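A.B. asks: First, the structure itself, so that you have it in front of you.
The values are calculated or read from the model by the stated rules, or taken from the named source; none is laboratory data. All of these numbers come straight from a predicted model, not from anything done at the bench. All Cβ positions, glycine included, derive from the backbone under ideal geometry; neighbour counts span all protein chains shown. Ligands, DNA and RNA are excluded from the accessible area calculation, which covers all protein heavy atoms including side chains. Shrake-Rupley method; radii C 1.70, N 1.55, O 1.52, S 1.80 Å.
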Amino acid sequence: MLYLDYAATAPVRGQALKVLKEKFTNDFANPSSSHKLGRKINKEIEAIREGFIKSLNGDKYHFIFTSSATESNNMVIKGLDYVKGDQVWVSFGDHPSVLAPVKTLETFGVKIVGIPTDSYGRVDEEKLIFSLNESVKLIILTHVNNLSGNYIDVVSLARKIKKTRPDVFIHVDAVQGFGKYPLDLSGAEVDSISVSAHKIGGPKGISGLYILKNKTINPLLDGGGQEYGLRSSTLAGPLMFSFYEAYKEISHDQKKHFEYVKILYEKVKEMLGDNIPGVLFPFPYGGPFILTMIIPELPSDVLVRHLEMIDIFVASSSACSSKVKGFNPTFQALGIDEKYHKNVIRVSFSEIVKLESIDFFIEKVLEILNDLTFLKKK
Amino acid sequence: MYNVILINVDELWLKGKNRNVYFKTLKTHAKDVLKSYHQGNLDFSNILQRLVIKSETNFSDETIKALESIPGIHSINLAREVEKDLDKVLAEAIEEFKQIKNKNFTFKVFTARSDKTFPQNSMEVNRWLGHHLLENFPDIKVDVHDPEVSLEVKILPDSIFISTKKLMGIGGQPLGASGHLVTMLSGGLDSPVASFLMAKRGCKQTFAFFYSYPFVGEEVLDKILKLTSIISKYQRRCKLYIIPFGEFQKIITKEVREEYRTVMFRKFMIDCSNLLAQNVGAQAILTGDALGQVSSQTIGNIALLDQVSQRPIFRPLIGFNKAEIVQVSKEIGTYETSIIPHDDACSLFAPKHPIIRPNEKYWNDFTRDHPYTENLIKCLEQAMVYDVNLKGEINPIEAKD
């Protein structure tokens with residue numbers, strides 16, 4: 001099997017899986033229990049919480065465990081206090097776990113404003129700063145976009161925003177960049193950051209939220225008062241430990257991984273770019289973990305299925321929204337012409353992909369395309 | 001509420017010597033359906049060319065609905081069985097009338113006295129019951145020509161049946177009375193309607209779907225399974241063959257002139273359906289073609305396809321307008337499923353200018369030089385076969401290794 005859909009999810013890393021099994025078997029007690037076993041686990045959880053914070057120099061933040069990045073995003077977006085006329089700024093090319101909760105705010109009289117972007121789907125920072133006004137309550141930034149691979153230096157942008165509007169709340173969805181790109185929270189420029197375990201080789205069902213200690217949000221879940229009262233639920237100890245294990249592994253050699261993945265990315269882009277007539281790469285500033293391409297005249301689902309037949313897995317659009325018919329509003333927002341919406345293929349990488357697998361992938365894609373030339377209308 | 005069902009057989013009057021076989025075919029089908037839906041003992045008898053089914057327990061709506069879909073049933077009377085005592089008949093008739101929502105309806109009593117020893121004759125019973133019903137329901141009126149409610153009373157040797165509820169069946173001929181077809185399903189609106197129409201004419205069917213994976217996705221299979229489940233209620237257990245066709249289409253595409261692609265795909269689907277028909281003992285092929293609807297349904301293309309088929313091709317929709325097809329599909333409940341969008345291999349492969357008046361020489365030369373029989377046999381061997389039971393539940397049949 002050759003899996004190239006790491007932006008959707010990743011397999012659980014060896015050590016993370018080992019920890020998962022070990023903790024589920026032995027350290028299964030409820031961390032809130034007052035007995036020795038519970039106390040021990042609680043202490044260990046506090047230690048990894050500290051580990052997540054220290055790794056990003058985030059002393060001014062709490063790190064809260066959640067069940068998914070969707071939950072983390074919802075928590076912040078729905079947890080702030082709004083008054084009628086408040087504005088929430090968001091990019092319409094962002095993930096549904098950001099856009100959908102934002103949409104629910106409309107019923108409270110909140111206005112949703114699109115963040116200005118250029119034709120490559122990148123945030124136009126200058127324009128953004130220029131258009132800031134008194135009504136902006138929340139700005140949501142996506143660290144790395146899941147389709148374009150566009151990266152935002154969120155800390156630097158947040159600094160600029162706060163210079164003009166210090167009281168605006170800045171939330172970052174860092175799901176695709178966490179552990180893969182450097183992030184330094186020492187300046188406390190952003191107010192909260194969503195991160196997820198399963199995109200970096202941790203288990204599904206565990207995620208996190210960094211939130212400035214001096215900021216308050218209304219919790220979605222009330223109960224036993226865990227996670228500083230912001231998210232009640234029995235702590236999912238084994239998942240948390242496994243998450244941390246995966247995070248340590250991916251962030252340890254971050255720079256090395258980044259450089260390696262860049263080689264994979266560039267190789268695919270160059271080889272397919274040179275050998276597929278008419279192929280387009282709509283996001284020249286994206287990458288290296290995500291490579292999106294358009295093969296005009298070839299429905300991406302057809303290529304995806306030809307690849308799956310030989311056990312190669314790539315995405316034809318975001319896993320959450322891929323379905324049958326044409327128009328895709330996210331693609332539109334990212335600047336992809338509607339005539340290409342059925343032709344978008346996303347290949348996403350990880351440092352665990354071997355270089356020779358990439359050669360094999362390129363070879364197979366070209367072979368399939370060569371076999372399908374008859375689909376091109378004369 | 002009702003523990004007696006009277007089934008009136010359609011088109012029985014057309015039949016001569018084979019009337020018994022015809023009646024029996026329908027009876028076995030009804031028995032089969034009742035056994036899979038109804039809990040409790042069943043007693044079957046034939047009275048006055050009708051099939052009478054009695055049970056100790058009442059029949060559920062679901063059971064009655066299933067009976068309504070049986071080809072060959074003209075109508076179904078839901079009846080109460082009463083002792084041979086007119087006072088009791090009246091009491092039950094009052095109960096029956098009380099359930100009618102509209103209070104000022106017109107009615108008529110229609111008595112058939114097959115037990116001639118019963119003291120009152122039919123007319124007397126009509127009059128007596130009519131009189132007492134009018135007394136009990138001051139707002140109702142008699143209308144012997146076009147009544148809104150018709151109270152049927154059947155005086156039999158052992159009991160009396162009364163009924164006001166008549167449900168219309170789909171009519172036509174009992175299933176199997178007109179042979180066995182291979183029905184080519186496509187996932188669109190037409191083929192399920194064609195299947196229904198021929199079920200009504202008594203045709204047992206085996207369903208075939210040509211699956212163009214990897215050119216189309218698996219979501220089309222869900223559609224086909226749903227459609228088969230709906231139209232199988234007009235069958236009496238059937239089979240569905242999902243025939244892999246994508247790889248073979250690729251082969252044809254590379255050999256045939258672009259403008260002939262679509263009609264050539266049709267040709268090989270018909271060849272494959274004939275092979276399937278041979279395997280399952282079917283005598284004809286059924287398609288949802290309507291004349292001129294798409295390029296492969298022009299007279300020229302239909303003529304060519306008819307020439308290559310070893311079996312007759314039935315096209316019951318040939319003279320239907322799209323709106324008429326839509327109408328029937330809504331009636332039989334396939335419309336909502338048929339219009340779910342899915343990837344369509346035909347449009348993917350569709351040539352810019354499909355051939356409308358095919359060149360006979362090219363066609364003949366190509367089909368002679370490219371029989372592809374082995375490929376077609378392979379497609380059939382690799383088919384996923386599903387068994388559809390009387391309730392429309394679909395289960396895959398394990399492949400014979």
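A.B. asks: Can you give the angle from 0 to 90° between the axis of helix B:360-369 and the longest principal axis of chain B, with both taken from C-alpha atoms, to the nearest 10?
C.D. replies: So the helix axis and the longest Cα principal axis differ by about 80 degrees.
A.B. asks: Starting from the Kirkwood Rh over alpha-carbon pairs, what translational D in µm² s⁻¹ does chain B have by Stokes-Einstein at 25 °C and 0.890 mPa s? Spell out each step's value before the answer.
C.D. replies: Values: Rh = 23.9 Å.
Stokes-Einstein gives a translational diffusion coefficient of 103 µm²/s.
A.B. asks: Now, a different point. Along each principal axis of its Cα atoms, how long is the range A:186-270 end to end? Whole angstroms, biggest number first, please.
C.D. replies: Principal extents (Cα only, largest first): 52, 31, 21 Å.
A.B. asks: Counting only other residues whose beta carbon sits under 15 Å from that of B:K101, what net charge do I get with K and R as +1, D and E as -1?
C.D. replies: Numbers: positive: B:K98, B:K103, B:K165; negative: B:E95, B:E96, B:D139, B:E148.
The answer is -1.
A.B. asks: Now, a different point. Under the definition of Cα pairs under 8 Å and six or more residues apart, what whole-number percent is the relative contact order of the range A:118-275? Don't skip to the answer; put the middle values down first.
C.D. replies: Details: 200 pairs, mean separation 25.9, N = 158.
It comes to 16 percent, rounded to a whole number.
A.B. asks: A further question on this structure: Checking the a/c ratio against 1.5 first, then a/b against b/c, what shape does the Cα gyration tensor give for the range A:46-189? Don't skip to the answer; put the middle values down first.
C.D. replies: Values: a/c = 1.45, a/b = 1.30, b/c = 1.12.
Rounded, since a/c falls under 1.5.
A.B. asks: Work from the charge dipole of the range B:110-218 (Cβ charges, +1 for Lys and Arg, -1 for Asp and Glu, about the Cα centre) and give the residue of B:F110, B:P192, B:F207 farthest towards its positive end.
C.D. replies: About the Cα centre, the residue reaching furthest to the positive side is B:F207.
A.B. asks: At 222 nm, what helix-only mean residue ellipticity would chain A give, in deg cm²/dmol to the nearest 500, using -39500 (n - 2.57) for each DSSP H run of four or more?
C.D. replies: Helices in chain A give a 222 nm mean residue ellipticity of -11500 deg cm²/dmol.
A.B. asks: Within 10 Å of each Cβ in B:210-218, how many Cβ atoms from other chains are there, averaged over the peptide?
C.D. replies: Numbers: counts 0, 0, 1, 4, 11, 7, 4, 9, 1.
Rounded to a whole number, the mean comes out at 4.
A.B. asks: Next up: Please compute the net charge surrounding B:S296, taking Lys and Arg as +1 and Asp and Glu as -1 over other residues with Cβ under 11 Å from its Cβ. Intermediate results must be reported in sequence, preceding the final value.
C.D. replies: Working: positive: B:R261, B:R266, B:K267; negative: B:D289.
Within the 11 Å Cβ shell, the charges total +2.
A.B. asks: Taking a 21 Å limit on the Cα-Cα distance, which of the listed pairs B:K88/B:K165; A:K339/B:K250; B:K65/B:K330; B:K65/B:K98; A:K18/A:K262 fall beyond it?
C.D. replies: Result: A:K339/B:K250; B:K65/B:K98; A:K18/A:K262 exceed 21 Å.
A.B. asks: Give me the accessible area of A:M271, 1.4 Å probe, in Å² rounded to the nearest 10.
C.D. replies: Roughly 70 Å² of A:M271 is accessible to a 1.4 Å probe.
A.B. asks: Give the angle, between 0 and 90 degrees and rounded to the nearest 10, that separates the Cα long axis of helix A:254-275 from the longest principal axis of the Cα atoms of chain A.
C.D. replies: That works out to roughly 20 degrees.
A.B. asks: With 17 Å as the cut-off, how large is the P(r) tail for the range A:259-308, expressed as percent of Cα-Cα pairs?
C.D. replies: Values: 489 of 1225 pairs.
Cα-Cα pairs in the range A:259-308 separated by more than 17 Å: 40 percent.
A.B. asks: A further question on this structure: Taking the Cα centre of each part, how many Å lie between the range B:159-196 and the range B:102-128?
C.D. replies: 33 Å
A.B. asks: Helix A:154-164 sits at what angle to the longest principal axis of chain A, using alpha carbons and giving 0 to 90 degrees rounded to 10?
C.D. replies: 60 degrees
A.B. asks: What does the C-alpha gyration tensor say about the overall shape of the range B:206-350? Classify as rounded when a/c is under 1.5, otherwise prolate if a/b is larger than b/c, or oblate. Let's see the in-between values first.
C.D. replies: Values: a/c = 1.28, a/b = 1.22, b/c = 1.05.
Taking the square roots of the gyration eigenvalues as a ≥ b ≥ c, the range B:206-350 is rounded.
A.B. asks: I want the antiparallel fraction of DSSP beta bridges within the protein assembly as shown, as a percent rounded to 5.
C.D. replies: Details: 56 of 99 bridges.
Beta bridges within the protein assembly as shown, antiparallel portion: roughly 55 percent.
A.B. asks: Further question on the same structure: Roughly how large, in nm² to one decimal, is the mean projection of the convex hull of the alpha-carbon atoms in the protein assembly as shown? If you can, show how the numbers build up before the last one.
C.D. replies: Values: hull surface 183.4 nm².
With the hull built on Cα positions only, its mean projection is 45.8 nm².
A.B. asks: Can you give me the solvent accessible area of A:D59 with a 1.4 Å probe, rounded to the nearest 10 Å²?
C.D. replies: We get 90 Å² for A:D59.
A.B. asks: Okay, next question. Can you sort A:F281, A:F108 by 1.4 Å-probe accessible area, starting with the largest? Could the numbers behind the result be given before it?
C.D. replies: Working: A:F281 45, A:F108 135 Å².
Sorted descending by solvent-accessible area, the residues read A:F108, A:F281.
A.B. asks: For B:M123, B:M264, write out the residues from largest to smallest accessible area, computed with a 1.4 angstrom probe and no ligands counted.
C.D. replies: On the way: B:M123 110, B:M264 0 Å².
These residues rank, largest area first, as B:M123, B:M264.
A.B. asks: Please report the relative contact order for chain A, taking Cα pairs under 8 Å with a sequence separation of at least 6, and give it as a percent rounded to a whole number. Can you show the working numbers first?
C.D. replies: Values: 709 pairs, mean separation 86.0, N = 378.
Relative contact order comes out at 23 percent.
A.B. asks: Under a Cβ-Cβ cut-off of 12 Å, what is the net charge of the residues other than B:P119 that fall near it, where Lys and Arg count +1 and Asp and Glu count -1? Could you put the intermediate results ahead of the total?
C.D. replies: Details: positive: B:K84, B:R113, B:K116; negative: B:D85, B:D115, B:E124.
The answer is 0.
A.B. asks: Projecting each Cα onto the charge dipole of the protein assembly as shown (Lys/Arg +1, Asp/Glu -1 at the beta carbon, about the Cα centre), which of B:L14, A:S192, A:L132 comes out farthest on the positive side?
C.D. replies: B:L14
A.B. asks: Relative contact order for the range B:237-369 using alpha-carbon pairs under 8 Å, separation at least 6, rounded to a whole percent? Write down the numbers at each step before the final one.
C.D. replies: Values: 107 pairs, mean separation 40.5, N = 133.
Once divided by the residue count of the range B:237-369, the mean separation gives 30 percent.
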